[in-house]
Every structure is written in C-alpha cells, then in structure tokens.
Amino acid sequence: MKKVLSAHIANNMFWLGRYAERGYQMMHLMRKAYDEVIDVHEGESPYSDFLEKLGGYVANNMTTSYQMMAQIYDPNTVSSLYNIIERMMDNAIVLRPYICSESCSYIELCRDFLKKKSEVKEMNITELQPITDWLLAFWGSIRERVSGSSYAMLEVGRLVEHIDMNIRFEYKHYRIDETWDRLKKYMVTEPDLFDRVQAGRFEMFAATQEAYTDNIKEHKTDMIAALNGLVKI
Amino acid sequence: MKELLSSRDSVNKWMERYGVRFGVYKNGVFNEQLFPFDAIPRQIPAQEWKMLERGLIQRVKALNAFLYDIYHDKNIVKDGVVPKEFTYESKGYMPECEGITPSQGVYAHIAGIDLVQAKDGRWLILEDNLRIPSGASYPMIARKVTRKACPETFRNNNVHDNRGYGDMLKEMMDYIADGRGINVILTPGRYNSAFFEHSYLAEKTGATLAFPGDLIVENGMVYYTGIYNKKERVGAIYRRVSDEYLDPLAFEPSSLLGVPNLMEAYRNGTVGLINALGNGVADDKGIYYFVPKMVKYYLNEEPILQNAPTYLPFFKEDFEYILANIEKLVIKDVAEAGGYGVMFGKDMSAERLEEVRQLIIQDPRRWIAQEVVDFIDLDIIDETGQPSPRKCDLRAFVITGKDTKVWKSGLTRFSRNPNSFVVNSSQGGGFKDTWVMED
C-alpha cells in the first residue's frame, strides 16, 4: 500500500469512484426509463424529463429513439454512458498501480463491450446488462485489493455521486440519509478531505425529512452545489 | 503447442481486457492501439541461452566500465581505442555528468540489448539501449495470460518462469536507493507511448508512479509530495523521461516533465537515477562499433557475442568500401531510433543512392553501414490464420544492481509485413513471448 497519495492521484481516485457509481446508476435509471417509454407514443418525449434531471443537453425536437441512442453512445452528449465509461477509463488508467490491473480490467471490459454494441447500435438496454455486472465486479475487486486512504478516496467519490444522483431523481429522504451517514464516517477518518462549511450547508438542506421535502423542489441546485463542494481535492 | 495456438482468441481477449496497448501519435493525434501478439513463442534452448547470458553480462559490464571511464579518467580515449569524435562529440555525451559517480557506481541498470539470430545460428548484436529501453512489460503480461488461457502447454514444456521481472527490478531499485527512501517510476504522463508499461511496472515492483510535478527537491533531497502536505523521501527514480527533460534548471528550460534541481541532488548522491544520466554516449549507433573493443580493453576477455558486420565511414578504408558497395548495405543514421533512419541500399533508386552517398561524404560521423544480416524467420499466425514466416529480433533485458543478471525471457518483435526487416512497434510490428527452456 502506498503511504502518500499525490493530489492528482487522490483526485483521480475520487473521480473514478464518482464515475463508476454514475455508470452504475445510469444503467439502473435507463432500465427504468426504458420501461416507462414502453407505454407512451413516439413524440411524447418522456425521456426528455430523464435527460433534464441529468442536467445535460435536452434535444427536445428529437425523437425518443434518437435521445435514447444518444444517451448511450453519443460522444457529444455529456451525460452519455459512452462518456461516463471513457471518464472512468481516463481515471483508472493512471491508477493501475493503486487499484491493480484486475480492477482496471472490468472497466476495459465495459469500454470494449460498449464499443462493439455501438457498431450494431444496440438499443435493447437488457443487452447491456454485462456493464452493470462488470461495474459490480469492479467494486468487488476494489474492496478486495485497495485499502487505507486510497480506498477512502474511491468510496467517498462513490457515496457523493450516489447522493447526487438520488437528489437529481428526487429519491426519498431515507435513501439520502443512509448514504450521508456512511459519508460522515469518512469525515472522522479523513478529516482534511472535507469542507466543513459545505457539509454544514448540506445538512441544513437534508438533515431531516421535512427539510429535505421542502428543499428538494426549491433548492435542488443549491443542495447539489453544497454536495459537490464537500470534498477538497 | 497446439493447445496454445487454438486458444489464441482467448489469449487476445485477455490482452484486450488488461489493456495491453501502446500509444502512437499520428498527425498530432494520440491513439492507443493493442500491441499485436502472436501466440507462437520464440524458444531458446537452455545451452544456447547460457551462451547468450554470458555474452550479455559481459557486454553490459564492459559498457558500464566504459561509462565510468568516459566521465572520469578517459583512459579508453587516451589509449586510442575509441576516437574522441565518437565520445565527446556524441549527442549522448553530457558534460554535466563529468566526475559524477552514480549511486553504487552503476550507470546502465536496465540495458535492452537487441539481437538477431543469423541463419547459421550465430546471435549478433544489433543495438544497445542504455537510456530508456522499453518493452519488458509485454512478455510479462503475455506469459501471465497464456498460462491462464492454456495451462497444459506450460505443464508439458519446461519453460523458465519470466514473471519475476518485477522482483528483479525491485531488488535492483532497492540496492540503488540504498535505504534513503522510496522507489518511484517517473513517467512523462498518460499520453506517453509506453504509459501502459510505466503503470504496469509500478504495479509489479510496488514503486510509486510519479507524474511531472509530483517530485520536488528540498535541501538537496528528492521528495514525493502528497495531499495534506505529506511528503516522502525518494531513494531511487526509475525515470522514463529523457535526459534533456529531466531538470529544467540544468537542461531544457522549457521542460514541464522534469524536476527542478534534480541534477543537483543526483550530483550530490542523495538520489539514484535509473538509468544514469549521460548513458547516451554508450548506446550511440556509432559507438556500437567499438563495444567488442571495450570488452577486450576493460575485461581483458574475448567478446562472446559479436556485432553485425559494421563499417564506419569515419575510417578511410570503411568510407571507401561503403561508397563502393552502398547498394548492398544497410545505412543507418546514428541520430535516429525506433527503426527510423534505416535505409536498405537494395531498395533505393540510383538517384537516391547517390543522394545518400553525398550525405555520407558531407558528414561521415553521422552514418554507419552494416551488411544485411540474413536473420532467421520465425513463424507467426497471419491474418488468414496460417503460419507464415516473418523477420524477428530479440530484445534481451540485462539488469545491473549488486550483480548483473539477464532476465530469462525477452521481447521478441516481428515485422508484420512479410517483405520487411523493420520490427519496431512504432512501425506496426508485433511481439511474441520468448521462452527460455530449462535443462
């Protein structure tokens, strides 16, 4: 285990944790959105709501099929699965000595698989299930092979992203609360990593169910901003 | 062997999974591509390997002695064995290294010696690489994957295990660090063509992978800097950054890859550099001609391994021979590497031959000429799935720490073009595993 982590390695770890969680959540949310799309007609664009929550570019004048395709494969769609996996790879590739080749290999598998599916423009989300499986295997490999501050950086990234996505999609308070409690444990073991002011702001927005319910509609952007300012790397 | 060939799809999938790639810049754009792997290994019988091993150790010992001499007493020049034009006028010579004795007195810690086997069975040295020889990671990971994909092949063949290269490197790095601090591998960064190797070797040696900006020099000592103002003393740096970019205060001032004041720390002996600075003077294509003479001069031994027949236009007799026989020789620009600057007389038009003659006349020191060595072909599985012969070389890795040792494996590179002698990966070549057989 490496004793000292440089700032950019810590940054890569945090963002690898975030992108790996975002990829996993994206797969879950797309499966959900695809299910909803079954019951609507082309042109009603329920998918636009999904894209809007991700905070990305919403091509409202495009068909649902086009939007779905773009969300998986389009390099120009910021929130696309393609871009998430590429960013995971960008971070993982410099972390090989810390997370081991075996952990990197699961991300390579996701990338190669998505590339092959893009050649046939695979649209059935079920056919992309191996990506979810490999992301779970990736986290298994991380838990097996990484420890100490390196593990903390990855896990903090994962938890921050988990809360971020839950807020964007307006999940119930208890889901956020559970993850926040886990994140707070790292404020004890890695105290220098966190911005206390932002932590206080976030607690103000989401500490209780009442506060969360009040704030999720009016102050969603502020909540996400406080969360994203939480980690100082 | 049959099993290994039939599992080549599985092997290639594993290589893809482990991201066994190298980067290439084409028209200024960085692309990563898989390094083509051929499943048929090069096999070197035990007896042949013993001879190679002795020859390689001998050669690297002589080269290390030469480097010490060049930067200290200069006896080999004073005694007229090597002309000063090939030492102090070489691009690889660094006057800044005069009088410096590197940690433990070792200059070439990792030597990549390129060889070919002629059709009569002789092994000939083509080139010495004493600066940043790359490529060891590929056969390392290829062996890991092929053992996984095809265990029965290794059960049925007595092949030396090559997976200890990381341990060999670590042992050498620890010796060079001499208890002063941690080992680091200094990479120019993610977009370097050999980045896979840098990160893989860091993983296998347990060294810290350092990027530009991670290392600082304070009070004459080198530190790896971390978050929360932590820092750790560095004892040895396996640097994958060229000499001229290593310290912007001592060499190229625009370098963003180096560590300011590193030269000062190196000069004071507070950190070991692997390989040492200034080694380029010993692996220049021109100085190659003199290596067998170095063996005799420093070790008082007959060279075990010979060079490919080489002519230096610097010498009058060779100059005349080259101009008269240029159409049957290989002409190499000593300033080029990676298979570039290599011209085969037989492939050139009369006009081009004349141009090259003029270039040699204008600047004889810049060129060497070699007889075309008809080296053996090894079979590869070609695009049609059939065995097909290709030219191959071998890069052997010789590690010098407390002792000089040869890694019982190596990088066998092959030309993918059936009509080409150029095997370099940067020019589309592929690689094979190299099996050193046990007795």
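Data for the structure
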quantity	calculated
Residue that is of a type in the set (Phe, Trp, Tyr) and in contact with a Pro (Cβ under 8 Å, 6 or more places away or on another chain), where the choices are B:TYR297, B:TYR266, B:TYR288, B:TYR321	B:TYR266
Residue check, A:MET223 closer than 29 Å to A:ARG31 by Cα, in the same structural domain as A:MET27 (by TED's automatic domain parsing) and in a helix (DSSP H, G or I)	no
Among (1) assigned to a helix (DSSP H, G or I); (2) closer than 25 Å to A:MET26 by Cα - the single one A:GLN198 does not satisfy	(2)
All strands (runs of 3 or more DSSP E) inside the range B:220-288 with 3 or more residues being away from chain A (no Cβ under 14 Å)	B:231-239, B:272-274
The range B:15-30 - residue that is outside any loop (DSSP other than H, G, I, E, B) and at pLDDT 90 or above and, of those, farthest from the other protein chains (Cβ to nearest Cβ)	B:MET15
Contacts under 8 angstrom Cβ, first residue in the range A:1-23 being more than 26 Å from A:LEU54 (Cβ to Cβ) and more than 7 Å from chain B (Cβ to nearest Cβ), partner in a helix (DSSP H, G or I) and acidic (Asp, Glu), 6 or more apart	none
Residue pairs meeting the criteria (Cβ under 6 Å; at least 6 apart or on separate chains; first within 19 Å of A:LYS220 (Cβ to Cβ), in the range A:35-59; second at pLDDT 75 or above and assigned to a loop (DSSP other than H, G, I, E, B))	A:LYS53/A:PHE169; A:LEU54/A:SER79; A:GLY56/A:VAL78; A:GLY56/A:SER79
Candidates B:VAL295, B:VAL356, B:VAL334, filtered to the one that is more than 18 Å from the chain's Cα centre (by Cα) and at pLDDT below 95	B:VAL356
B:ARG357 being part of a helix (DSSP H, G or I), farther than 23 Å from B:VAL81 by Cβ and either free of Cβ contacts under 8 Å to residues at least 12 places away in the same chain or out of contact with any strand residue (DSSP E or B) (no Cβ under 7 Å at 6 or more places or on another chain) (or both)	yes
Filter result for B:ALA108 (touching a helix residue (DSSP H, G or I) at 6+ places or on another chain (Cβ under 7 Å), aliphatic (A, V, I, L, M), within 25 Å of B:PHE196 (Cβ to Cβ) and assigned by TED's automatic domain parsing to the domain that holds B:MET294)	yes
Count - residues of the range A:87-103 that are in contact (Cβ under 8 Å) with a residue 12 or more places away in the chain and either facing another protein chain (nearest Cβ under 9 Å) or over 13 Å from the mean Cα position of the chain (by Cα) (or both)	11
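Conditions (1) surrounded by fewer than 20 Cβ atoms within 10 Å (Cβ to Cβ); (2) more than 13 Å from chain B (Cβ to nearest Cβ), marked per residue:
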residue	(1), (2)
A:SER79	yes, yes
A:GLU108	no, no
A:LYS116	yes, no
A:GLN129	yes, yes
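The values are calculated or read from the model by the stated rules, or taken from the named source; none is laboratory data. Bear in mind the structure is a predicted one, so any value in this text is a computation, not a measurement. Glycine gets a Cβ as well: all are built from the backbone with ideal geometry, and neighbour counts include every protein chain shown.
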